[in-house]
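Let me begin by presenting the structure, written as structure tokens, before commenting on it.
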Amino acid sequence: MQMQRSVKDKVSYEGIGLHTGKKVTVTLKPAPVNYGIVFVRVDLPSSPSIKVKASKVVSNERGTSIGEGRVRITTVEHILAALSGLRINNVIIKMDGEEFPAGDGSALPWVRLIQRAGIVEQPAPCRFLKIEKPFWIEENGKRLIILPDEEFKITYTVDFPESPLKSQFAEFVINEENFIREIAPSRTFGFMKEVEKLKKKGLVQGGSLDNAVVIDDKGVVNEKGLRFPNEPVRHKILDLIGDLYLLGRPIKAHVIAVKAGHLFHVRLAQKLEKLMEDDRGVCLDIRDIEKILPHRYPFLLVDKILSLGEGEIVGVKNVTVNEPFFSGHFPGHPVVPAALIVEAMAQVAGVYLLNKSENQGKLAYFAGIDKARFRRPVVPGDQLITKVKILILKKKTGKVEAVGTVNGKVVAEANFLFSLVER
Ligand SMILES: [Zn+2]
């Protein structure tokens, strides 16, 4: 199982924004589990912060900008791409200006900055957004298609018939290694004819051949040429990775883009964010649980984990009339045996204990039950919600307090002692 990640140390980077041309210092700082990506404008009164979300995008003209109230953070896509590529889930990003520095126009400066800070694995599993069924958005020949996949894959096609670039195609599995080697070095690109227009609009004030690839009618203007023959389409992939990380959560899906851009990328991210909010609450699904607990039908008695934090976990067992024990307990009067309520509550605790990186692969045996009380019967149709508080957790033992409720009413409570053993 992949754990959440943050940066290890505080690091800073200084540079000039592509559009504003203004000097900005950016500082990355470690953040706790489930914190997300949070930008802080330290140059403004009371240092307002903005947590990254696709619904906070305020502009996507030549770059992606997010905002809340009057606070703006602009050109966020390259640093977000680097955070996605290096699988950083939680980080505080302080900046003393509005726009992120352009660096060399690629995501490499951010990759190097994160590497300089170091990366730490955190004691909580990383949540992915899994796409269950395909969907797409389409307009004027531009397309974004998203398909279910076990990995994060991007296929991208661009077409500039009027320029020497013509059509370019690229396809990558986006993992850490591929991101660093194949995607991160590709730079922003622009067409000479557009540069003057953009400058008049007040954009690309900080743009130069040091932070962008410029293409005129004859080809690439930059003296050293391109870093990859298809660098422009690779940069589009970089932008898409960054824009999708507005979700703050990695995705497992295959995204196919045809002549898309920030506007389209952000629309997809916003659609995904809605999907994500609809399934809010499901922290671990049954497939995740089966990777942690050795129990299987008919003895796996936890269906999903609603939340998993430091020292506590909440899990659910949906009781149906089809449970095998109802035929005998009791015929014509189905009631969940108290011993199985205890087992269901203990399994929620088991997910917490066995999910810890140091306990992976171990088994948790019952070593004792204290203060067990059964307040109400649990019957078919009930949703048993177990809240577990970890009281003691040592290398070989654990002690927890568990409370089971149905419709907000306590049905059972107990303290459990576990011993943790190697298989
Ligand atoms: Zn870009």
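Tilt of helix 262-278 relative to the longest C-alpha principal axis of the chain, in degrees (0 to 90, nearest 10)?
Tilt of helix 262-278: around 10 degrees.
So in the range 1-119, what percent of DSSP beta bridges are antiparallel if you round to the nearest 5? Don't skip to the answer; put the middle values down first.
Details: 21 of 28 bridges.
Within the range 1-119, antiparallel bridges account for around 75 percent of the total.
Expressed in nm to one decimal, what extension gain is obtained for the pair ASN140 and LYS394 from 0.36 nm per residue of sequence separation less their Cα-Cα distance? Write down the numbers at each step before the final one.
Values: separation 254, 0.36 × 254 = 91.44 nm, distance 6.02 nm.
Fully extending the segment from ASN140 to LYS394 adds 85.4 nm.
Based on DSSP H runs of at least 4 residues, each adding -39500 (n - 2.57), what is the mean residue ellipticity at 222 nm of the chain after dividing by all its residues, to the nearest 500 deg cm²/dmol? Don't skip to the end; give the middle numbers.
Details: 7 runs with 84 residues, N = 423.
After summing the helix terms and dividing by residue count, I get -6000 deg cm²/dmol.
Name the residue, out of VAL314, VAL40, VAL411, whose mean-square fluctuation peaks in a Gaussian network model built on the chain with Cα pairs under 10 Å.
VAL411
Can you compute the FRET efficiency between SER12 and GLU194 using 1/(1 + (r/R0)^6), with r the Cβ-Cβ distance and R0 = 51 Å? Round to the nearest 0.05. Intermediate results must be reported in sequence, preceding the final value.
Working: r = 33 Å, r/R0 = 0.64.
That gives a FRET efficiency of 0.95.
Helix 231-244 sits at what angle to the longest principal axis of the chain, using alpha carbons and giving 0 to 90 degrees rounded to 10?
The angle comes out at about 40 degrees.
Any chance you could give the angle, 0 to 90 degrees and rounded to 10, that helix 108-117 forms with the longest Cα principal axis of the chain?
Taking Cα atoms only, the helix is inclined about 40 degrees.
Between SER167 and LEU263, what length in nm is gained on full extension when 0.36 nm per residue of separation is reduced by their alpha carbon distance? Intermediate values should be presented prior to the final figure.
Values: separation 96, 0.36 × 96 = 34.56 nm, distance 2.02 nm.
That works out to 32.5 nm of additional length.
Rounded to two decimals, what is Rg over Rh for the chain when you use alpha-carbon atoms and the Kirkwood radius? Intermediate values should be presented prior to the final figure.
Details: Rg = 25.6 Å, Rh = 23.9 Å.
Reported Rg/Rh, Kirkwood definition of Rh: 1.07.
Placing +1 at every Lys and Arg Cβ and -1 at every Asp and Glu Cβ, with all other atoms neutral, what dipole size does the chain have around its Cα centre, in debye to the nearest 20? Mind showing how you got there, number by number?
Details: 62 positive and 50 negative charges, 167 e Å.
Approximately 800 debye in magnitude.
Counting DSSP beta bridges with both partners in the range 3-278, what percentage is antiparallel, nearest 5? Show your work: numbers first, answer last.
Values: 44 of 62 bridges.
Taking every DSSP beta bridge within the range 3-278, about 70 percent pair in antiparallel fashion.
If you split all Cα-Cα distances of the range 339-400 into 5 Å bins from zero, what percentages do you get per bin, shortest first?
Answer for the range 339-400: a P(r) of 4, 14, 29, 24, 14, 10, 5, 1 percent.
Take LEU44 and ARG376, extend 7 Å from each Cα along the Cα→Cβ direction, and tell me the distance between the two endpoints in nm.
Spacing of the two 7 Å Cα→Cβ label points: 4.7 nm.
Whole-Hz Karplus ³J(HN,Hα) for the range 314-325, in order, using 6.51 cos²θ - 1.76 cosθ + 1.60 and θ = phi - 60°, x for Gly and Pro?
Rounded to whole hertz, the list is 10, x, 10, 10, 8, 8, 10, 5, 7, 4, x, 6.
If only Cα atoms are counted, what is the Rg of the range 286-421, and what is its Dmax, in Å?
For the range 286-421, the Cα-based Rg and Dmax read 14.3, 46 Å.
Give the value in nm², to one decimal: projected area of the alpha carbon convex hull of the range 5-150, averaged over all directions.
That works out to 10.2 nm².
Computed FRET efficiency, Cβ-Cβ of THR155 and TYR297, R0 35 Å: what is it to the nearest 0.05? Please list the in-between numbers first.
Values: r = 38 Å, r/R0 = 1.09.
FRET efficiency, THR155 to TYR297: 0.35.
Within the range 237-272, whose backbone N sits under 15 Å from a point 7 Å along Cα→Cβ of LYS130?
So the set is 250-254.
Could you give the semi-axes, largest first, of the ellipsoid that matches the range 234-280, computed as the square roots of 5 times the alpha carbon gyration tensor eigenvalues and rounded to whole Å?
Numbers: eigenvalues 72, 22, 17 Å².
Ellipsoid half-lengths, sorted descending, are 19, 10, 9 Å.
Ranked by Cβ crowding within 10 angstrom, fewest neighbours first, how are LEU275, LEU308 ordered? The partial results should precede the final answer.
Working: LEU275 14, LEU308 22.
Sorted ascending by nearby Cβ count, the order is LEU275, LEU308.
Each value in this text was obtained by applying a stated rule to the coordinates, not by laboratory testing. Note that the structure is predicted; figures quoted are calculated from it, not measured. With ideal geometry, Cβ positions are generated from the backbone for all residues, glycine too; neighbour counts draw on all protein chains shown.
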